[in-house]
1. With axes computed from alpha carbons, what is the tilt in degrees of helix 42-53 against the longest principal axis of the chain, rounded to the nearest 10 within 0 to 90?
2. Determine, for segment 61-147, the count of lysine pairs separated by eight or more sequence positions (or lying on different chains) whose alpha-carbon distance falls under 28 Å.
3. Specify the angular offset, from 0 to 90 degrees and rounded to the nearest 10, of the alpha carbon long axis of helix 69-79 from the longest principal axis of the alpha carbons in the chain.
4. Here are a few candidate values for mean projected area of the Cα convex hull in nm²: [x] 16.4; [y] 9.7; [z] 9.1. Which one was actually calculated from the structure I just gave you?
5. Taking every DSSP beta bridge with both residues inside segment 35-168, roughly what % is antiparallel (nearest 5)?
6. Just for the Cα atoms in segment 72-151, what are the lengths along the principal axes, largest first, rounded to whole Å?
7. Rounding to the nearest 20 debye, state how big the charge dipole of the chain is about its Cα centre with +1 on each Lys and Arg Cβ and -1 on each Asp and Glu Cβ.
8. Highest GNM mean-square fluctuation, the chain, Cα pairs closer than 10 Å: which of VAL98, VAL33, VAL158?
Amino acid sequence: MSEQTIENFLLENGNIKFGKFKLASGKESDYYVDVKSALLNPSFLREISKRAAQFITGERIACVELGAVPLGVAVSLETGKELIIIRKEKKEHGLEKVYEGKVEMGETITFVEDVTTTGGTLIRAITKLNEMHVRTDRVVVVVDRKEGAREALEYEGVELISLVDIDKLR
């Protein structure tokens, strides 16, 4: 993969789909960026985790289940920093956790994400951590769809760094 750009990999491997899709944001789109399945390819995951790792500034790494978990694990291995996995919904059994991993009050974390659209899922996860007095400094995303996530995160005081903008994929 190192000779190939992220954009070329996603395009050549069918990770950009065209049709009618409902996104996590609730929006409808005529294209879908399937980074989740691309992250299951070991050479792509290895390359993306190396690229993302250079932007990790927090004391720990965080991701939201499910799509970003492979990336979170790989970046954790790349940086040696612990991972926190934020659940979209509180677990209703066992320990009823909102997250998996260790969280320390007052620390700063950096999120990794597969795709951002409006940033709503990330904002909810960041809010959960804020309630525990944990600050998010930035989000490193593989693909930004450029539909408001950057602005929403900036409003929360969080920087968005995208490895690829959607402009290079359509």
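1. 60 degrees
2. Going through segment 61-147 pair by pair, I get 16.
3. Helix 69-79 and the main axis of the chain meet at about 80 degrees.
4. Of the labelled values, this structure produces [y].
5. Numbers: 2 of 23 bridges.
Here the share of antiparallel DSSP bridges comes out near 10 percent.
6. Principal-axis extents of segment 72-151 (Cα, largest first): 37, 28, 23 Å.
7. Values: 25 positive and 29 negative charges, 67 e Å.
So the magnitude is around 320 debye.
8. Fluctuation is largest for VAL98.
Where a number appears in this text, it was derived from the coordinates with a stated rule and is not lab data. Worth saying up front: this structure is predicted, and the values here are computed from it rather than measured. Counting neighbours? That spans all protein chains shown, and the Cβs are built from the backbone with ideal geometry, glycine included.
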